[in-house]
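Coordinate-derived values only; no laboratory data. Since we're looking at a predicted model, the values are computed, not measured. As a convention, Cβ positions derive from the backbone with ideal geometry for all residues, glycine included, and neighbour counts pool all protein chains shown.
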Amino acid sequence: EPEVTQTPSHQVTQMGQEVILRCVPISNHLYFYWYRQILGQKVEFLVSFYNNEISEKSEIFDDQFSVERPDGSNFTLKIRSTKLEDSAMYFCASRARAGQPQHFGDGTRLSIL
Amino acid sequence: SQQGEEDPQALSIQEGENATMNCSYKTSINNLQWYRQNSGRGLVHLILIRSNEREKHSGRLRVTLDTSKKSSSLLITASRAADTASYFCATPVSGTYKYIFGTGTRLKVLA
């Protein structure tokens, strides 16, 4: 069964550095998402992406964050000038079309030192 | 209460028993989804119920939706140790692409 893959599984970065989290969504899916889950807390929506542009973003997704779909397969989340509070699990998800469920990757654990 | 709030927060049962988790939400929805998350892993989609449906089954899972009360429940029958996980409901915010996840129920099934 096709699945969403995320790399790396764990990223350790110094505060202030930039980090890029990578995702390969399921190939025929059209909608792409990034979520964040701070340890022990709920899954928080960051951003949705459709038709090569951001379709929705949360208040968390400020100028520090950006997303890109540089080619037909990858979907990346860039965090500039990371802060300690950016430490969390970051999940990528995709879905085929409206009204269909999202499929999640296993996440990238981001640790900011 | 927050959009997508589950209760109980934690549930511990014996193998073979049924587990019921509830989710409440605030805004109007087109559908509601339930997900499972094993520790340290991603979310696995379990069931999607549309706003015009009242009940849906999938194997040992039964989901109900009451749009008048803005609530949903997930029932796992004949639970197994492998069902131990956190369970979340998620709702798309109507008219947007945004999804809101609940706070989750941590289920522990004891062998």
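Here is how the numbers come out for the structure above:
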quantity	calculated
Value of Rg/Rh across the protein assembly as shown [Cα atoms, Kirkwood radius]	0.97
Cleavage-rule hits, trypsin sites (Lys or Arg not before Pro), the range A:45-100, DSSP coil, Cβ neighbours within 10 Å at most 11	A:K83, A:R97
Selected from A:F91, A:F32, A:F61 as most flexible by GNM, with chain A as the system and alpha-carbon contacts under 10 Å	A:F61
Average partner coverage of A:90-97, which counts Cβ from other chains inside 10 Å	1
Calculated FRET efficiency for the pair A:Q41/A:L113, C-beta based, R₀ 25 Å, to 0.05	0.80
Calculated FRET value between B:A111 and A:S9, using beta carbons and R₀ = 25 Å, to 0.05	0.30
For residues of B:100-110, the mean tally of beta carbons on other chains within 10 Å	2
Cross-link pairs beyond the 26 Å C-alpha cut-off, checked among A:K78/B:K98; B:K56/B:K98; A:K57/B:K108	A:K57/B:K108
Exposure proxy order (Cβ contacts within 10 Å, fewest to most) of B:R106, A:R36	B:R106, A:R36
Convex hull volume per residue for the range B:5-110, taking Cα atoms only, in Å³	89
A:E18 paired with A:S81, simple spin-label distance in nm, labels 7 Å along Cα-to-beta-carbon	1.3
Sorted peptide list for A:7-14, B:79-86, A:48-55, criterion being average Cβ within 10 angstrom, highest first	B:79-86, A:48-55, A:7-14
Calculated FRET efficiency for the pair A:N51/B:K69, C-beta based, R₀ 41 Å, to 0.05	0.70
Cα-based Rg and Dmax for the range A:5-97, where Dmax is the largest Cα-Cα distance (Å)	12.7, 38
